[in-house]
Amino acid sequence: MDTLQGLALGFSTSFAPVNLALTVLGCFLGIWIGMMPGLGPAAGIALLLPFTYGMDPTSALILFCGVYFGAMYGGSISSILLAIPGDAGSVMTTLDGNPMARKGRAGAALFLSAASSFTGGTIGIVGLTLLAPTISKLAISFGPAEYFALMVFALVGVVSFLQGAMVQGLVAVSFGLLLGTVGIDMQSGAMRFTLDQPELYDGVSLIAVIVGLYSVSEALEGMLHVKHGTATPMAQHGKIRASRAEWLRARWAMVRGGLIGFIVGVLPGAGATIATFFSYATEMKLSKHPEEFGKGAPEGVAGPEAANNASASGAMVPLLTLGIPGSGTTAVMLGALMIYGIQPGPQLFTEHAAIAWGVISDLYVSNIVLVLMAIPLVGIFIKMLKIEQMLLNVGILGISITGVYAVNLSLVEAAIAVAFGVLGFFMRRFGYPTAPLVLGLTLSRLLEQSLRQALILEGGSWLSLIQRPIVSMLLAACVLVVLLPRLRPLLTRFKSGSATSQ
Amino acid sequence: MNGTKTQPHAPHSANWLRLIMPLSFISLAIGFAVQLPGIDATSNGDILGPRWMPTVAVGALLLSGGADLVRTFRINNDPAHAFDRSGLLLAVILLIATAAYVTAMAFLGYALASGIFFIALFYWISSQGLVRSIWKGIGLTAVLVAVFHFVLGISLPTGPLGGFL
């Protein structure tokens, strides 16, 4: 069966009235689940799983696809309006989305976010449709050594955009890396810094850290403003839609973010977090207004949002073609497929063609349904800004703590969120960036395991490890990223000097 | 003494407070470093072993924390970087109250602990009067219980309310 025949079969499944209704329901539920701190797409699908046991597997997967895309977009709504990223993939959207909202451009930020999610999602799905077999082969060639180099590149990349706060950023990223070592060592089984707490055996909960650093600290800061009478309610200024200038600045960022998101999303384990960090760093490097980043740059919203949604489609490539989950959400979907007695992998497209193509075509449908649903809802979401400040802040605090508790029904994790709320509050007050801490924590385990596995495979030789072509390319790129900003003034001086002498 | 202290600090400035952050991070690094020898170093053919990454991360945190301490000392006497400590005491009280709320959930259950905490917050922070604070606190708790317990099916800590929830 070729691609076109497969798509025709898939769309005939997706456009069945029941499946179309499930797509709409999935997108709707996904948006609201994504807005809840701690409840990302993986938790949303896991929550819905018991309700789908009696359903046709294709219909269940169609519902999950809607939830997946909806939750990815939903995370950006709370990031923009309330500075609460629902999950790690939405952290970068907060950096410029919330400042845009504070400047009275909440509607524009939400519009750009919806358009970027659509663009990124479309790029990702087209990539999934056309390039899945080729890219999955490439993904297999990405061994532990290549993963290690990619993680190093991501860490170097994050440090590169810490203008004026390099030392504080290095402290944050180092602390994140150290936190990531808490838990049972995957390779040797050794306990590390667990303090005999079963909740720490699997490591420090990333969700608890993110919700604490952003939501809890934001709510506490907001309450202090109420107490001091300095709370300024956010208001929408001008048109709700993005202005022409904002569109022009964001349009290529969406495309670049989509491409970055798809490529990184395909790599199992890399996921939306790295994709959004890469996209943000790229946009900051390419922008004519790098000084506006962190203060409400439209590119800072568009790039990461597109990357976030494109990575969702990218993560479906290893799931559908190899049976390897590329992200936490696809891991839950893999579990669901296995519950229905379907083994994803190379045989999926031949043995269960209707399911495989049904899922792919439904990603197209979900993407369109989501943008059609999101744009009219912008006006309703903006009304959230009119909620009384104290009620909003207490509500955020309550939802955040309950959301973290709900993930594993653990009060210890809720306490961890509060502890990181304290840390986030002081980091913010003292000018420490929090995003590098999240990246350090996200990458720590993968970085360590990849390096250790790579060295075992290379017989302990560091030299043969860095001689691998992709590794040497990525490490050379790291050197360039570090050196270029320092070499640029020298080059400019050299050019101006030679021009004067002529 | 660098002889450059010519301008008085802002009324609420207390730049020494800035030292809290680098010192906290350095203390955390030392706390982790002390536990390093306790990690079982059996590597099973693994060249680097389970202590390698924590050692590197502790080292990186100590180095960057040290650099941050030096940076903080440098800006300490600079009025341009005066630190505004207003509201800091209130923030600490609020943070302790939030920590107490999570602890109380284990004994009082979700609904009771949340209700009391939210009412206290509305009354203390926004000074809305006791009756309004009670209504808002109970209303918010009811919404959260409805969403998380009844809609999402999450079992919240029940406490003395037992099977009521």
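Exactly one condition in (1) touching a residue at least 40 places away in the same chain (Cβ under 8 Å); (2) within 14 Å of another protein chain (Cβ to nearest Cβ) is false for A:His228; which is it?
Going through (1) touching a residue at least 40 places away in the same chain (Cβ under 8 Å); (2) within 14 Å of another protein chain (Cβ to nearest Cβ) one by one, A:His228 breaks only (1).
May I ask you to say which residue of A:Arg452, A:Arg493, A:Arg488 is modelled with pLDDT of 85 or more, of a type in the set (D, E, K, R) and in a helix (DSSP H, G or I)?
That would be A:Arg452, the only listed residue that is modelled with pLDDT of 85 or more, of a type in the set (D, E, K, R) and in a helix (DSSP H, G or I).
Could you list, in sequence order, the residues of the stretch A:434-478 that are closer than 15 Å to A:Met151 by Cα, open to solvent by 60 Å² or more (accessible area, probe 1.4 Å) and at the interface with chain B (Cβ under 10 Å from one of its Cβ atoms)?
A:Gln453
Based on this model, can you work out whether B:Ile119 counts as within 11 Å of chain A (Cβ to nearest Cβ), part of a loop (DSSP other than H, G, I, E, B) and crowded, with 18+ Cβ neighbours inside 10 Å?
no
Could you check, for the stretch A:189-204, whether at least one of its residues is modelled with pLDDT under 85, closer than 30 Å to A:Ser117 by Cβ and more than 11 Å from chain B (Cβ to nearest Cβ)?
No.
Is there any pair with a first residue in the stretch B:33-56 that is more than 7 Å from every other protein chain (Cβ to nearest Cβ) and charged (D, E, K, R) and a second that is buried (at least 18 other Cβ atoms within 10 Å of the Cβ) and assigned to a loop (DSSP other than H, G, I, E, B) whose Cβ atoms are under 8 Å apart and which are 6 or more apart or on different chains, and what are they?
Matching pairs, first to second residue: B:Arg51/B:Ile39.
Of all residues being under 13 Å from A:Met427 (Cβ atoms) and β-branched (Val, Ile, Thr) in the stretch A:168-202, which is nearest to the chain's Cα centre (by Cα)? Just the residue, please. Spell out how you get there, then give the answer.
To start, the set of residues in the stretch A:168-202 that are under 13 Å from A:Met427 (Cβ atoms) comprises A:168-169, A:171-173, A:175-176.
Narrowing further to those that are β-branched (Val, Ile, Thr): A:171, A:173.
On the way: A:Val171: 23, A:Val173: 18 Å.
Out of the qualifying residues, it is A:Val173.
For the stretch A:1-79, please list each of the helices (runs of 4 or more DSSP H) lying entirely inside it that holds at least 2 residues being out of contact with any strand residue (DSSP E or B) (no Cβ under 6 Å at 6 or more places or on another chain) and under 21 Å from A:Asn98 (Cα atoms).
Passing ranges, in order: A:17-35.
Go through the stretch A:385-411 and give me each residue that's in a helix (DSSP H, G or I), more than 9 Å from every other protein chain (Cβ to nearest Cβ) and out of contact with any Ser or Thr (no Cβ under 9 Å at 6 or more places or on another chain).
Once the filter is applied, which keeps residues that are in a helix (DSSP H, G or I), more than 9 Å from every other protein chain (Cβ to nearest Cβ) and out of contact with any Ser or Thr (no Cβ under 9 Å at 6 or more places or on another chain), the stretch A:385-411 yields A:Leu385, A:Lys386, A:Leu392.
Only one of these is of a type outside the set (Asp, Glu), farther than 23 Å from A:Met35 by Cα, part of a helix (DSSP H, G or I) and open to solvent by 10 Å² or more (accessible area, probe 1.4 Å): A:Leu95, A:Leu150. Name it.
A:Leu150
Report whether or not A:Pro233 is modelled with pLDDT under 85 and within 27 Å of A:Gly379 (Cβ to Cβ).
Criteria met by A:Pro233.
Which ones in the stretch A:108-134 are at pLDDT 90 or above, among the hydroxyl-bearing types (Ser, Thr, Tyr) and surrounded by fewer than 24 Cβ atoms within 10 Å (Cβ to Cβ)?
Passing the criteria: only A:Thr122.
Consider A:Gly345 against the criteria (1) away from chain B (no Cβ under 14 Å); (2) part of a helix (DSSP H, G or I): it satisfies all of them except one. Which criterion is unmet?
If we test A:Gly345 against (1) away from chain B (no Cβ under 14 Å); (2) part of a helix (DSSP H, G or I), just (2) comes out false.
Given the residues A:Val438, A:Val407, A:Val394, A:Val412, which is the only one that is under 21 Å from the mean Cα position of the chain (by Cα) and more than 30 Å from A:Val167 (Cα to Cα)?
None of the others qualify; the one that does is A:Val407.
The values are calculated or read from the model by the stated rules, or taken from the named source; none is laboratory data. Note that the coordinates shown come from a computational prediction; the quantities given were computed from them, not determined experimentally. Positions of Cβ are generated from backbone atoms using ideal geometry, with glycine treated the same way; all protein chains shown enter the neighbour counts. The accessibility values were calculated without ligands, DNA or RNA, using every heavy atom of the protein model including side chains. Shrake-Rupley method; radii C 1.70, N 1.55, O 1.52, S 1.80 Å.
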